[in-house]
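This report refers to the structure that appears directly beneath it.
The values are calculated or read from the model by the stated rules, or taken from the named source; none is laboratory data. Nothing here was measured: the structure is a model prediction, and the numbers come from that model. Counting neighbours? That spans all protein chains shown, and the Cβs are built from the backbone with ideal geometry, glycine included. Just so you know, the surface numbers come from the protein's heavy atoms only, side chains and all, with ligands and any DNA or RNA stripped out. Shrake-Rupley method; radii C 1.70, N 1.55, O 1.52, S 1.80 Å.
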Amino acid sequence: MQTPALPHRLAAEALGTFWLVFGGCGSAIFAAHVLSKDPTPVNLGIGFAGVALAFGLTVLTGAYALGHVSGGHFNPAVTIGCAVAKRFPWKDVVAYVVTQVVAGLIAGLVLYLIASGKAGFDASKGFAANGYDAGSPNGYGLLAAFLIEVVCTAFFLIVILGATDGRAPKGFAPIAIGLALTLIHLISIPVTNTSVNPARSTAVAFFQGGAAVSQQWLFWVAPILGAAIAGAAYAALTGERKTAVIEGEVRAHA
């Protein structure tokens, strides 16, 4: 199958990244905590588990819908990790990363405009941003945040590379990847609100402001480091012999 032209692949990455931020962060902003209007308020929100599932579903559905066009990265760390693993050409990395970040910011803007429709809304009080110390949902510090982002992103890349390995069952990669992202969120939401994706972090931090912006360095460095470690180690650990560059690893197995 001929690889789609770069503009088409970038369009797919933009749509997929928008969907991930809109669906995942949107679930956290609008649906995580919803109080009923009964005399005794009851929380009808989806909570951490629902948000985790929402992020997983965005990747699963996005990969099936768009992975055959662009590879279904939707994440700068994934793009860089796949390039380190020789599954993606370095010449296209910058274009992918810029597209992902811009698409994420557009999704963040749409979420901000929707959220602004409620009286009393203030993005600075919480807009699904990632953080540590006071920015952590459960008060975890910088080292804990750094470690969990590195480890979770590394295993995310291992699942991606393994599910799209030539020896893996065909057609199931998006399911494995989506479930992996769900599990990652179940583990790490209390620590950092879960990034493992610099585009997702930047998309909402820009609108929340304050410490969410000043702490962005961690949510770029840690995911990229984790992805690069996994990308460099996967072939040695699993005995993968494929060395050719593959531009659409999810596409080939979806």
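Quick notes
- Using a probe of 1.4 angstrom and keeping all protein chains present, the accessible surface of region 1-155 works out to 47 square angstrom per residue.
- Ala129 sits among other residues whose Cβ lies under 15 Å from its own Cβ, and their net charge, with Lys and Arg +1 and Asp and Glu -1, is -1.
- Sequentially through region 4-19, phi angles give Karplus couplings (6.51, -1.76, 1.60; θ = phi - 60°) of x, 4, 3, x, 5, 5, 5, 4, 5, 5, 5, 5, x, 5, 4, 4 Hz, Gly and Pro residues having no value and appearing as x.
- Neighbour count of at most 14 Cβ within 10 Å plus DSSP loop: longest chymotrypsin sites (Phe, Trp or Tyr not before Pro)-free window in the chain: 1-120
- Residue by residue, region 34-40 carries 3J(HN,Hα) couplings of 10, 8, 6, 9, 5, x, 10 Hz when phi is fed to the Karplus relation 6.51 cos²θ - 1.76 cosθ + 1.60 (θ = phi - 60°); x denotes Gly or Pro.
- Volume in Å³ per residue [convex hull over Cα atoms, computed for region 1-44]: 69
- Overall, the accessible surface of region 1-72 at a probe of 1.4 angstrom is composed of carbon and sulfur to the extent of 72 percent.
- A crude spin-label estimate for the pair Phe172 and Gln2, with each label 7 Å from Cα along the Cβ direction, gives 3.3 nm.
- Inter-label distance, nm, simple model (7 Å from Cα along the C-beta direction), Ser124/Ile187: 3.6
- Segment Ser36-Thr61, extension gain: residue separation times 0.36 nm, minus the distance between their alpha carbons: 6.0 nm
- In the chain, lysine pairs with alpha-carbon atoms under 28 angstrom apart (chain gap of 8 or more, or interchain): 7
- Residue-normalised convex hull volume from the C-alpha trace of region 22-112: 101 Å³ per residue.
- Per residue, the solvent-accessible area of region 174-217 (1.4 Å probe, heavy atoms of protein chains only, all protein chains present) comes to 31 Å².
- Full-extension gain in nm, Trp90 to Leu113, via 0.36 nm per residue minus C-alpha separation: 4.7 nm
- The base-10 log of I(q)/I(0) for the chain, evaluated at q = 0.11, 0.17 Å⁻¹, reads -0.54, -1.25 [Debye formula, identical scatterers on Cα atoms, solvent excluded].
- Spatial separation of Cα centroids for region 45-73 and region 75-111, in angstrom: 16
- Extension gain (nm, one decimal) between Ala49 and Asn138, 0.36 nm per residue minus Cα-Cα: 30.5 nm
- When only Cα pairs below 8 angstrom with a gap of at least 6 residues are kept, the chain shows a relative contact order of 31 percent.
- Per residue, the chain reaches -20000 deg cm²/dmol at 222 nm when only DSSP H runs of four or more residues are counted, each adding -39500 (n - 2.57).
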